[in-house]
Structure formats: structure tokens, C-alpha cells
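Here's the structure, in C-alpha cells; my notes come after.
The values are calculated or read from the model by the stated rules, or taken from the named source; none is laboratory data. These numbers were taken from a predicted model, which means no experiment stands behind them. For neighbour counting, all protein chains shown are included, and Cβ atoms are generated from backbone atoms with ideal geometry for every residue, glycine included.
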Amino acid sequence: MDWTEKYRPTTLSEVRGNDKARDAFAKWGRSWDDHRKAVILHGSPGIGKTSAAHALANDMGWDTVELNASDKRTGDVIERFAGRAAMNATLAGSSNKTGDAETDKKQNRQLVILDEADNIHGNYDRGGASAITKLVKKSEQPIVLIANEFYDMSRGLRNACKDIEFRDVSARSIVPVLRDICRREGLEYDSDALQQIAESNGGDLRGAVNDLQAAAEGEEKVTLETIATGSRDQSMGIFEFLDAVLKEQDPQEALQSSYAVDETPDDITKWIEGNITKVYEGEELARAYEFLANADRWLGRVRASQNYSYWRYAGDNAAAGVAAARDGTKGGWTRFGRPQFWAGSNKTADYVAQKIAEESGVSMGTARRDVIPFLAAMTHHCKPRELTVAMAAAYDLDESHVSFITGSGETTNKVESIVEDAQELRAERMEEHSGSAFEGAVRSEEDETDEADGSEDDDGQATLTGGAGGDADAADADTDADDEPEKDDSQSGLNDFF
Ligand SMILES: Nc1ncnc2c1ncn2[C@@H]1O[C@H](COP(=O)(O)OP(=O)(O)OP(=O)(O)O)[C@@H](O)[C@H]1O
């Protein structure tokens with residue numbers, strides 16, 4: 001049996017590493033009758049959001065129904081469940097003996113758990129997403145929406161709900177969970193090995209439990225060696241995969257590797273996007289970005305249509321395409337890292353995305369997913385300097401922000417002097433334009449009506465090449481399901497600076 005299922009928390013007190021969020025969530029549950037608001041739990045995958053929802057229901061004595069927002073039928077089902085007032089005991093034939101009508105009502109509550117709530121807008125017609133928002137507002141039952149990307153939800157939906165952020169689980173909180181599982185399994189362990197598993201999973205507790213199970217298979221003791229030879233290693237690790245695609249393999253081999261690696265095409269693409277500038281440069285980088293933009297476009301189509309056969313094309317572009325873009329093979333050792341711009345909890349990323357969103361009139365989702373990675377690639381290690389200064393001026397960035405985008409150390413002279421110059425430039429421009437930070441920004445109105453259209457951005461279409469003025473949309477004149485009216489997000493980026 002899968003240990004993540006076997007050891008899924010059954011009560012909120014077993015949900016580890018997010019005490020504040022957990023307490024806020026428990027409070028939300030206890031006071032639901034008073035406020036009747038839905039709640040959004042958001043944060044990275046595998047950190048206990050769904051488990052917390054089930055555990056709360058268990059603690060409260062509520063039934064649950066779990067629905068997936070990306071399923072087109074979900075709207076109807078929510079209507080059926082959430083629209084229905086809690087049945088009272090007489091109707092339900094409850095065995096509750098208290099005779100207290102309020103208690104009976106609570107015991108017949110149904111917690112609606114809506115998974116992938118950040119993926120609604122791609123799957124409904126315009127009315128659909130706002131219909132969900134309306135349902136959420138008038139629901140007679142408590143609803144928990146689960147999301148990785150808070151800002152990928154429409155503003156209408158976000159405003160209709162309370163939101164609670166789950167943060168990545170620290171290694172410090174992961175180790176005791178692993179230790180506990182070992183004890184319950186009667187397994188011996190080296191503490192170093194558990195520490196290693198906890199650290200290598202970057203905050204993902206589910207991943208850590210999976211790694212522990214793989215390392216323990218057929219062993220009596222979990223040690224650093226059993227981790228190295230655990231069965232999850234038979235599939236290709238992500239770092240090995242990055243080496244293969246970015247340095248060594250030809251396109252055909254790279255494609256095969258993409259099947260062997262234990263990640264979805266979405267994540268494969270993010271890993272490559274997040275690491276490519278460490279290996280590629282100049283022309284080959286530009287060529288690789290073309291392929292990554294194609295991959296993003298296909299991923300957008302998967303999200304919009306739920307047609308997973310498109311995943312293949314995303315994988316083809318991200319793996320084979322990027323390998324094909326490379327000039328020959330490359331040697332040396334590279335410190336690959338978890339993509340920096342992933343879901344959730346980074347305050348610096350939030351600030352930068354917010355600034356970009358404000359200045360360029362794109363959504364926060366687009367800013368995070370498309371614009372920041374693009375800027376990161378274009379100003380890697382603060383080069384070219386002039387462009388980095390222009391960027392810092394345009395978005396009013398301080399040292400920590402510039403360091404976050406460029407990957408250069410925050411306290412280096414380089415970054416400090418760039419921020420100084422940027423502030424000067426900004427002041428000059430403020431004078432020149434009486435208040436306008438810079439000229440030529442392509443500003444489309446921030447969409448105040450997204451409750452009506454239910455969509456904040458054109459998922460997957462604003463691409464990395466977009467900022468360079470590429471006509472990313474030209475290839476998209478087909479029948480995409482996400483044919484929202486275009487807000488031309490693809491214009492944001494470098495155009496903004498000058
Ligand atoms: N905070 C936690 N405390 C205890 N166990 C956890 C925690 N987070 C994850 N797990 C383990 O990982 C499994 C998966 O967690 P869960 O599905 O709740 O994560 P999630 O954040 O909802 O992820 P996703 O967004 O992918 O659904 C659980 O069954 C449990 O075994």
C-alpha cells in the first residue's frame with residue numbers, strides 16, 4: 001500500500017508543519033455557521049492541503065465530497081451538493097440521539113472539497129467560472145477550494161473566499177513524520193538518511209514519504225545507501241534528466257529520457273525553464289526558448305481542453321526541442337536548482353509579480369508564470385547591465401528583488417549600484433513625465449470584470465518569447481478552448497522599459 005495513503009493525517013493535529021494555517025483553518029470550520037464563507041487553501045503540491053480538508057471534516061463530524069474543478073461537470077455537481085441545505089435529522093433518518101436540531105444539522109453537513117480550483121477558468125465557458133463564484137457565495141454547505149496558484153483564480157472568486165496559505169514543509173518538520181512512519185513500520189533508520197530525504201524534497205512532504213517508501217523496500221534499515229539504490233531511482237532523477245537534456249543527449253534520446261523521468265510535462269518544462277540559462281547562452285538559448293514557448297502553448301491547451309494527448313507535444317518541445325537547440329554536447333558540473341518561480345509562498349516573488357502586474361496591466365498569474373521567468377533569462381547575473389537597470393527602474397525594485405530575478409547576490413556591489421542607478425533613472429523619468437514611471441508601457445486595462453468572464457489571463461499563450469516581441473499568438477489562431485478576448489500579455493516585458 002502507498003504510504004502516503006496509509007499515513008494520511010486523519011485529524012488536523014496530525015497535519016504537520018503549518019501550525020498557523022492549520023489553526024486558522026480549524027477556526028474557519030468551527031465558525032462556519034456564523035460567516036458561511038468558503039475558504040481557499042493554497043500552496044505547493046504535496047504539503048497537506050487536501051489532507052487538512054479531510055481531517056477537518058473528520059474532526060467536525062462532517063461528510064465530504066471531493067470534486068475536481070477541472071472536470072467540466074463539476075459546476076452541476078457543486079450545485080447539487082452545495083446548493084442543498086443541510087438536511088435535518090428527521091429527513092436524513094439520522095441516528096443522532098441528542099434531539100438538538102442544530103447539532104443534527106451540523107452532523108449532516110457536507111464539506112465540499114474542490115481540488116484544482118486554480119484550474120477552473122480554462123475549463124468553463126465565460127459564464128461557467130462566474131457561475132462557480134456565485135455558487136460558492138450562496139452555498140448552503142462549507143466549501144474548501146484547493147489551489148497551487150492563488151493568483152490563477154479569478155479575482156471574483158478570490159474575493160468571495162477567505163484564503164489560507166500553506167507553506168512548504170520545512171525539513172525540520174518532515175523528519176519527525178518520517179521517523180514516525182519508520183517506527184510504525186518497524187523499520188530501523190539512520191537519522192542522516194531521514195534528514196537527507198527531508199532535505200532533498202524541497203518542502204514536499206508527499207515526495208519525502210514516497211522516497212522513504214522506495215528506500216525501505218526490501219530493507220530492514222533505511223540508510224544513505226538504501227536511499228541511493230531505492231527503486232524510485234530506477235526512473236531517472238530530475239537532475240540527471242536536466243544533465244541529459246541540457247548537456248548530453250541528442251533529441252531522440254532526450255525524448256526517451258523525458259518518458260523515464262518521474263515528472264509531468266508541466267513540471268519538466270518548468271524545471272528546464274528554470275535552469276536553462278545555467279547552461280545555454282546566445283543563439284542556442286534563443287532557439288531553446290522558441291521550443292519552450294511551444295511547450296508552454298501546448299500545456300495551455302491541455303489546461304484549456306483537458307485533452308492530455310497534447311502533453312506529448314509539450315514534452316516533445318521541452319525535451320527534444322531544447323536538446324536540438326543546443327550546439328553540441330557540454331561538459332562540466334552545474335548546480336541545478338528547483339525552479340525559483342514555483343507556486344506560492346515567496347514574498348519577494350509576490351512583490352515583484354504585483355509590481356509587474358500593476359505596471360504592465362497583466363494578471364499576477366501571467367506575471368509570475370511568464371514575465372518573471374522571461375526577465376530572469378534576459379537579465380541573468382545582471383547582464384546586460386543597462387537592461388537590468390531599466391527593469392529595476394520600471395518596476396521600482398530594490399536589491400532583494402533584483403537579486404531574486406537575476407540570481408546575483410543581494411549584497412553585491414553590482415546589485416547595489418544597479419538599484420542606485422535605477423532609482424536615479426526613475427526620478428528623472430518621474431520629472432519628465434510628471435508621475436509616469438516610464439514611457440511606452442503597453443498598458444491594457446486591468447480587467448475589472450473578471451467575475452463576469454471568469455478568466456484573468458490567457459493561459460499558456462503569453463509566452464517567454466512574447467516579451468521579445470515575438471508573435472506568439474500567430475500560431476494560435478486555431479480553435480483553442482481558451483479563446484478569451486485577448487489582453488495582449490505577450491507585449492509585456494522589455495517593451496515596458498524604454
Ligand atoms: N502537512 C502534512 N502532514 C502530514 N502528512 C502530510 C502533510 N502533507 C502531506 N502529507 C502526506 O502527503 C500526502 C499528500 O498530501 P496532500 O494530498 O494533502 O497534499 P496537497 O497539499 O493537497 O497536495 P496536492 O496539491 O498535490 O493535492 C498525504 O497523504 C500525507 O501522507
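Below is a table of values for the structure above.
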| quantity | calculated |
| --- | --- |
| Helices (runs of 4 or more DSSP H) wholly inside the stretch 318-392 that include at least 3 residues being at negative phi and of a type in the set (Ser, Thr, Tyr) | 347-360 |
| Given (1) in a helix (DSSP H, G or I); (2) over 23 Å from GLY337 (Cβ atoms), number of the condition GLY218 does not satisfy | (1) |
| Subset tally (residues that are of a type in the set (Asp, Glu) and under 18 Å from ARG22 (Cβ atoms)) for the stretch 136-187 | 4 |
| Any pair with Cβ under 6 angstrom, 6 or more apart, that starts in the stretch 20-48 at a residue that is hydroxyl-bearing (Ser, Thr, Tyr) and ends at one that is part of a loop (DSSP other than H, G, I, E, B) | SER44/ASP168; SER44/ALA343; SER44/GLY344 |
| Selection count where residues are buried (at least 20 other Cβ atoms within 10 Å of the Cβ) and at pLDDT 80 or above, scope the stretch 337-358 | 4 |
| Residue identified as touching a residue at least 40 places away in the same chain (Cβ under 8 Å), surrounded by fewer than 23 Cβ atoms within 10 Å (Cβ to Cβ) and acidic (Asp, Glu) among GLU273, GLU253, GLU281 | GLU253 |
| Residue identified as outside any helix (DSSP H, G or I) and in the same structural domain as ARG312 (by TED's automatic domain parsing) among GLU253, GLU263 | GLU263 |
| Considering residues of the stretch 131-159 that are in a helix (DSSP H, G or I) and among the aliphatic types (A, V, I, L, M) only, the residue farthest from the ligand (Cβ to nearest atom) | ALA131 |
| Selection count where residues are closer than 12 Å to LEU246 by Cβ and among the aromatic types (Phe, Trp, Tyr), scope the stretch 264-290 | 2 |
